[in-house]
Amino acid sequence: MTSRTRLRIGLGVVLGLALLGLGLGCGGGGSDELVVGEFGSLTGNDATFGQSTKNGVEVALADLAAKQQGMIGGLKVRVQAEDDQSKAEEAATAVQKLINQDRVIAVVGEVASSRSLAGAPICQNAGVPMISPSSTNPKVTQVGDYIFRMCFLDEFQGAVMARFTADSLKLKKVAILKDNKSDYSVGLAQFFTDEYRRLGGQVLVEQVYSSGDQDFRAQLTSIKAKNPQAVVIPGYYTEAGLIARQARELGLKQPLIGGDGWESEKLIEIGGEALNGAYYSNHWALDQPLPRLQEFLTKYRAKFSGDPDAIGGLAYDAANVLFQSLETLATQDPATFKGLGSSKAGTPLRKSAEQKLRDLIAGTKNYDGVTGTITLDQNRNASKPAVIIAIEGGKKNFNSTFTP
Amino acid sequence: MSEFLQQLINGVTLGCVYALIALGYTMVYGILRLINFAHGDVYMLGAFFGLYAARWLGAQTHPNPASALAVLLIAMAGCGLVGLIIERAAYKPVRQSSRLAALITAIGVSLLLENGGRLVFGADPKFFPQIIPATNIALGGGVTISNQQLIILGVSIALMIVLRVIVLYTRVGKAMRAVSHNHTAAAMMGISVDRIISVTFVFGSMLAAAAGVLVALENPKIEPYMGILPGLKAFVAAVLGGIGNIPGAVLGGLVMGIAEVMVVGYVSPTYRDAIAFVLLIVILLVRPAGILGTATAEKV
Amino acid sequence: MARLLRAVAVLAVLVGLDLALPRFLNPYYLRVLMLCGISVILAVSLNLINGFTGQFSIGHAGFMAVGAYGSAMVSLHVGQHWAAALAGVGIPAVIAQGAALLVALLAGGALAGIAGYLVGLPSLRLRGDYLAIVTLGFGEIIRVLITNIEAVGAARGLPGIPPWTTFFWVGIGMLAVIVLSLRLANSTHGRALFAIRDDEVAAEALGVDTTRYKVLAFVLGSFFAGIAGGLFAHYNAYLHPNSFTFIKSIEVIAMVVLGGLGSVSGSVLAAIVLTILPEALRSAQEWRMVIYSLMLIILMVTRPQGLMGSREFRWPWRHRPAAPPAPAAGGGA
């Protein structure tokens, strides 16, 4: 066929694909709705975290659908999720779109502090409350009074890990193997070290790796030579599992200590028997017989055939805190509540409604979440206990709780 | 000294993997002068096909050499097919276009495989089952080699020998060499150039698939984006050895593997990815055609 | 005189747009527009290297990174204080910040230009695909280096960059690179570049200093990539090495090839299309990248010479010198 014909067919296909893409998304709108925004890394390096968040929010939405036809105060709730490709600049674009095009009333996101920091100023300036399920960098909530988080800070978590290691396990000499590429890992390592030293412990050596690495033998060989009593690995489960394996292969039999980045159903799958004798701090323990937690697990397992990780749980709690605040506003002040409807975007009523919503979220006290009892303090961070999980016999078991 | 030997073993093992992938790059380049960017993703698909084959065969619950071999062969066959499809659907139409257009097409295919893989397999890393249980064999002097490393070495060397035999001693191999010299002359000799190009792609993809399965044995975490960096490094290895040159690809792969392990062990783990390129730049400045490449005089 | 008036008029239009756009466009559309502008600068600058000179360069993100981090460091350590000082003595903030931004951009561009020089040097000895890999290697080395330097935030990123980029500056950047490219194309230097692209040996034989011109192409291209990087840094106020992987280089190459190698207007057009397209496909979310890659493949298969081939968009009523010659059959290097 001639190149002209090929060109025409090609352009036609291209146009068709583009229209298909546009068409796939256009839906909703029309009647008045409560549009909630969500941004996360659905693609890219951190795709698993974004997907977990999305799953958690979906379960919360399903709950709402089951209980009250997905409506709050007579308006249907719709969640608009946007992908930020694991990149901070895309996070900013996603949040811009959610606020200025979809006119959302609140934003749930993000997992990574760097991306939360990209989106937070935009939410703050627009007066739209943002709830981060699991960003742990203190700077996130410092952006402004419309920014909240559902998890404890790494300052607290690092201290918990230190107290557990020094006081509960009574070990005074450790080595640290941290992820240089992750704010979270470096920060957690620092907070651990600060508290650990305060309790009289000693960090013999600190080695680094990069997330995505598959081979840690060089670092582990060096750690082994220093003979620590435990190895602290404040990174993510994907590497933690592999590190545990290789550590045991090299003959390191000491306990391994980790943080909530270890939390995933895949942890044991990747690490296997090597993880026996390891401990990590977490937001929850799946075997704790708390009714709300077990109820959530049943629903999640039915919907997604697999266990949620802490990020999914935190996202679930974030969505529910939001829904609960919306519910309260609808009952206490129905007139202002109407301002949150999608048809009222841009009106002064919307602005005052957002303010009231923000105040209600900020006042969350003793909320019974699946990741613990949540109370937001005056810095809008969640004050909640941390649990220590012990891994024994290839299973995760609840060990102890540390309260702030 | 024992640490050095240990690192050397690790390096040679890694190098064999790079060599397998590099062979695919070099063969395709020799025949088409095309950098097949999607090759690294074929390696990724090999690991995933192996994963599903292993699950289907139940190879984890009853590990035995036969099912392990079957997993390898299924993965290789699957990727051979994928390579064929890619060549026919995406590369053949742009054969007459500029090199850069072919490059973009290759990049498009690569992105498609990665993101399509993410959609189909899910973005979360999967765990490749232990179809061969790991044991360490002490070689004396504190140096150990795991049976997985031995398997990697053995299988890679076997495949490389097979390839060499095919290329040097069979008619297909002779046809491949002829086409890589000159398409038109080969066609005049009665060789179906299209068919030979497809065969080359199939062979290259099968080798990449084998590399994927072998790597997954030792490093069980697999995910859709795992092919990007190894693909890049293997390509650098191919250029290092002299692109278009089959023994060169093997040599380049080994050099690359050993250099990478040495840098990680003796310098710093964070420079692991950069060493590949530093090495490349140095060699190309000193000997631009690559170690075993022949400097071709440009005809005016 | 006419030239001067024209320049002033253009500046006035830019200032006008800079003030008006935020009022009429919602911030999301404005953001996409700004990102389009930065992409245009990247694409046109790469076109100088790949399109005009036929050098296979696939490490452009590295130059952008050098410019981004360079300008950010200048602003963070020096520029901020100058701007504050100037504002302190009564100069309006816009002008003080603009001046500081200009200094930072030029510094970033210069650093990127030096990087371009260093990358251009090996091009003396290498051809075609080898050069491509070396440029890719340089891009990766730059990224790994940045990931390891604590002073620029290493792997955790560099926050807190003053957000000084406005549409005015993006516009200036775009104009600069486009005008330069078009002027270059119609000059003797441009003809030398095209000659090198078409047949390097013949060009050398005819007395063209291929070494000098190849290095020139790299330096100019990387300088503007650095400017784009600086604008990017001062727009997002945060830098992370993940924004400068070789996937980014590939995105820019896609723009240049889609537009047509050697065509400046093609690069501009393609840059805009390929920036808006992922946004338009946002609704398809998880399918977005799959659709994007399919489109690339189909476009390459059906029209590999790109949208504009190597022609330029011409105002039909103005007489212009002939367009730069099309590349010789058989392609570049």
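The values are calculated or read from the model by the stated rules, or taken from the named source; none is laboratory data. Computed from a predicted model, the values in this text were never measured in an experiment. Cβ atoms come from the backbone with ideal geometry, glycine included; neighbour counts cover every protein chain shown.
Looking only at region A:55-92, residues that are away from chain C (no Cβ under 14 Å), more than 16 Å from the chain's Cα centre (by Cα) and not polar (S, T, N, Q) come to 15 in all. Here C:Ile91 fulfils each of the conditions (1) outside any helix (DSSP H, G or I); (2) farther than 27 Å from C:Tyr213 by Cβ; (3) among the hydrophobic types (A, V, I, L, M, F, W, C); (4) in contact (Cβ under 8 Å) with a residue 24 or more places away in the chain apart from (4). Note on region A:218-265: residues that are at pLDDT below 85, more than 18 Å from A:Asn282 (Cα to Cα) and assigned to a loop (DSSP other than H, G, I, E, B) amount to 2. Annotation: A:Gln190 fulfils all but one of (1) in contact with a strand residue (DSSP E or B) (Cβ under 7 Å, 6 or more places away or on another chain); (2) not in a loop (DSSP other than H, G, I, E, B); the unmet one is (1). Being surrounded by fewer than 24 Cβ atoms within 10 Å (Cβ to Cβ) and either more than 14 Å from chain B (Cβ to nearest Cβ) or among the β-branched types (Val, Ile, Thr) (or both) holds for only one residue in A:Lys224, A:Lys266, A:Lys303, and it is A:Lys303.
Taking region A:167-205 as the range and being within 11 Å of chain C (Cβ to nearest Cβ) and of a type in the set (Ser, Thr, Tyr) as the test, the residues that pass are A:Ser182, A:Tyr184, A:Ser185.
Residue check: is A:Lys351 outside the structural domain of A:Ile270 (by TED's automatic domain parsing) and either in a strand (DSSP E or B) or touching a residue at least 60 places away in the same chain (Cβ under 8 Å) (or both)? Yes: the conditions hold for A:Lys351. Could you check, for region B:202-215, whether at least one of its residues is more than 14 Å from every other protein chain (Cβ to nearest Cβ) and among the β-branched types (Val, Ile, Thr)? Among the residues of region B:202-215, at least one is more than 14 Å from every other protein chain (Cβ to nearest Cβ) and among the β-branched types (Val, Ile, Thr), which makes the answer yes. Scanning region B:128-143 for residues that are facing chain A (nearest Cβ under 10 Å), of a type outside the set (A, V, I, L, M, F, W, C) and surrounded by fewer than 17 Cβ atoms within 10 Å (Cβ to Cβ) yields B:Gln130, B:Asn136.
Counted as qualifying within region B:212-300 are the helices (runs of 4 or more DSSP H) with 1 or more residues that are aromatic (Phe, Trp, Tyr) and within 22 Å of A:Lys181 (Cβ to Cβ), namely B:246-266, B:272-286. Take the conditions (1) within 14 Å of chain C (Cβ to nearest Cβ); (2) part of a loop (DSSP other than H, G, I, E, B); A:Val208 misses just one of them, which is (2). Checked against the criterion of being on the phi > 0 side of the Ramachandran plot, surrounded by fewer than 24 Cβ atoms within 10 Å (Cβ to Cβ) and of a type outside the set (A, V, I, L, M, F, W, C), the candidates A:Gly212, A:Gly187, A:Gly201 yield just one match: A:Gly212. A count restricted to region B:68-96 and to residues that are farther than 18 Å from C:Leu294 by Cα and at the interface with chain C (Cβ under 10 Å from one of its Cβ atoms) stands at 1. Return the residues of region C:96-119 that are surrounded by fewer than 18 Cβ atoms within 10 Å (Cβ to Cβ) and touching a Leu at 6+ places or on another chain (Cβ under 8 Å); say none if nothing qualifies. Hit for region C:96-119 is C:Ala99, nothing else.
One line per residue, one yes/no per condition, for (1) over 18 Å from A:Glu392 (Cβ atoms); (2) free of Cβ contacts under 8 Å to residues at least 60 places away in the same chain; (3) in contact with a strand residue (DSSP E or B) (Cβ under 6 Å, 6 or more places away or on another chain); (4) within 9 Å of another protein chain (Cβ to nearest Cβ):
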{"position": "A:Phe216", "(1), (2), (3), (4)": "yes, yes, yes, yes"}
{"position": "A:Leu220", "(1), (2), (3), (4)": "yes, yes, no, no"}
{"position": "A:Ala230", "(1), (2), (3), (4)": "no, no, yes, no"}
{"position": "A:Ile233", "(1), (2), (3), (4)": "no, yes, yes, no"}
{"position": "A:Arg245", "(1), (2), (3), (4)": "no, yes, no, yes"}
{"position": "A:Leu256", "(1), (2), (3), (4)": "no, yes, yes, no"}
{"position": "A:Gly261", "(1), (2), (3), (4)": "yes, no, no, no"}
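Total residues in region B:102-127 satisfying the condition of being more than 13 Å from chain A (Cβ to nearest Cβ) and either in contact with a Gly (Cβ under 9 Å, 6 or more places away or on another chain) or touching a residue at least 24 places away in the same chain (Cβ under 8 Å) (or both): the figure is 7.
In region C:164-200, which residues are among the polar types (S, T, N, Q) and over 16 Å from the mean Cα position of the chain (by Cα)? Matches in region C:164-200: C:Thr166, C:Asn186, C:Ser187, C:Thr188.
If I ask for residues that are within 14 Å of chain B (Cβ to nearest Cβ), surrounded by fewer than 24 Cβ atoms within 10 Å (Cβ to Cβ) and among the aliphatic types (A, V, I, L, M), which ones from region A:271-296 would you list? Correct list: A:Ala274 only. Here A:Ala335 meets the list (1) in contact with a strand residue (DSSP E or B) (Cβ under 9 Å, 6 or more places away or on another chain); (2) farther than 17 Å from A:Ser264 by Cα; (3) modelled with pLDDT of 85 or more almost entirely, failing just condition (1). Annotation note: of C:Ser45, C:Ser39, C:Ser57, the sole residue that is under 16 Å from the mean Cα position of the chain (by Cα) and within 14 Å of chain A (Cβ to nearest Cβ) is C:Ser39. Taking the criterion of being surrounded by 24 or more Cβ atoms within 10 Å (Cβ to Cβ) and among the small types (Gly, Ala, Ser), the residues of region A:306-329 that qualify are A:Gly312, A:Gly313, A:Ala315, A:Ala318, A:Ala319, A:Ser325. Name every residue in region A:296-311 that is more than 23 Å from A:Arg149 (Cα to Cα) and assigned to a helix (DSSP H, G or I), in order of residue number. Correct list: A:Thr298, A:Lys299, A:Arg301, A:Ala302, A:Lys303, A:Phe304.
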